[in-house]
Ligand code: GLP
């Protein structure tokens, strides 16, 4: 399977990714798009309204699906992924998306399987995922699918890796939660299209492992290479020496 790796200069990268995303909404106004939190997509989300406007497009008919969520933080906590995605994107889209699907970790506190069932049912009723956009965890996780996750893992509540808990503090989730809910590898691989985002030199080694090393559950992002429509969108710090649109990995 040839993986397409689109490498852009760091200063152009947010505009490149936001432009591609805006094109998706322009082409399919009712798109169902799963989006991550984390620091990587922040400049992309900041740029998206401009790129939508440039195309005369909007996300007003779209469904935005949250990729993952911490379990154990109270509703409205600013470090929660739902609050974060609303703040950095959903609440800044005008018109707002038709629907925002997140994990109901409050009503079903402690019961992982009902959280997962409700999330999967909501995504299915929206028509399934047209596109999943992913960040890349320092340990190779995607969503909260931590190292050791097999390709057939479903939506579920997981124990977080220590590196993920440490990162959570940086996102305002303090004290860091021990568990999280995530779209599973199976749900990611079942989407019509998958984009993996990576920006910054601190992602170069783990992106290299994901693209050039063995495809293994030890690096969950490496399992994405089995997807027929995987696109890696990297800046030239995360993928040095390979500049250009849609290069083979
Ligand atoms: C976090 C999130 C992921 C995110 C990833 C990368 O733990 N659960 O969904 O994409 O780690 O974060 P960042 O973009 O800040 O490097």
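The values are calculated or read from the model by the stated rules, or taken from the named source; none is laboratory data. Since the structure is predicted, the reported quantities are computational estimates derived from the model, not experimental observations. Note that each Cβ is placed from the backbone with ideal geometry, even for glycine, and that neighbours are counted across all protein chains shown.
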> How about segment 205-231: which of its residues are in a strand (DSSP E or B) and touching a helix residue (DSSP H, G or I) at 6+ places or on another chain (Cβ under 7 Å)?
Replying inline: 230
> Of the residues 151, 116, 181, 124, which single one is closer than 30 Å to residue 49 by Cα and either within 16 Å of the ligand (Cβ to nearest atom) or in contact (Cβ under 8 Å) with a residue 40 or more places away in the chain (or both)?
Replying inline: 181
> Could we say that residue 173 is in contact with a strand residue (DSSP E or B) (Cβ under 6 Å, 6 or more places away or on another chain) and within 13 Å of the ligand (Cβ to nearest atom) here?
Replying inline: yes
>> I'm checking my understanding of the structure. Among residues of segment 111-125 that are surrounded by fewer than 19 Cβ atoms within 10 Å (Cβ to Cβ) and in contact with a strand residue (DSSP E or B) (Cβ under 8 Å, 6 or more places away or on another chain), which one is nearest to residue 46 (Cα to Cα)?
In response: 122
>> I'm trying to understand the selection: among the residues of segment 174-203, which are farther than 24 Å from residue 118 by Cα and surrounded by 17 or more Cβ atoms within 10 Å (Cβ to Cβ)?
In response: 176, 195, 196, 197, 198, 199, 203
>> Regarding segment 24-43, can at least one residue be identified that is touching a helix residue (DSSP H, G or I) at 6+ places or on another chain (Cβ under 7 Å), surrounded by fewer than 19 Cβ atoms within 10 Å (Cβ to Cβ) and at pLDDT 95 or above?
In response: yes
> Among the residues of segment 94-113, which ones are within 15 Å of the ligand (Cβ to nearest atom) and closer than 20 Å to residue 33 by Cβ?
Replying inline: 102, 103
>> Which count do you get for residues in segment 49-86 that are within 16 Å of the ligand (Cβ to nearest atom) and in contact with a helix residue (DSSP H, G or I) (Cβ under 8 Å, 6 or more places away or on another chain)?
In response: 11
> When you go through (1) away from the ligand (no atom under 11 Å from the Cβ); (2) within 18 Å of the chain's Cα centre (by Cα); (3) loosely packed, with under 15 Cβ neighbours inside 10 Å one by one for residue 240, which number turns out not to apply?
Replying inline: (2)
> Residues in segment 127-138 that are within 16 Å of the ligand (Cβ to nearest atom) and farther than 18 Å from residue 181 by Cβ: how many?
Replying inline: 3
> Can you pull out the strands (runs of 3 or more DSSP E) entirely within segment 109-204 that have at least 2 residues that are over 20 Å from residue 63 (Cβ atoms)?
Replying inline: 156-159, 179-182, 193-198
>> Here is a check on your reading of the model: is residue 187 at positive phi and modelled with pLDDT of 95 or more?
In response: no
> Is there any pair linking a residue in segment 67-85 that is in contact (Cβ under 8 Å) with a residue 40 or more places away in the chain and closer than 18 Å to residue 111 by Cα to one that is in a helix (DSSP H, G or I) and within 12 Å of the ligand (Cβ to nearest atom), with Cβ under 7 Å and at least six apart or on different chains, and which?
Replying inline: 68/81; 69/81; 70/81; 70/168
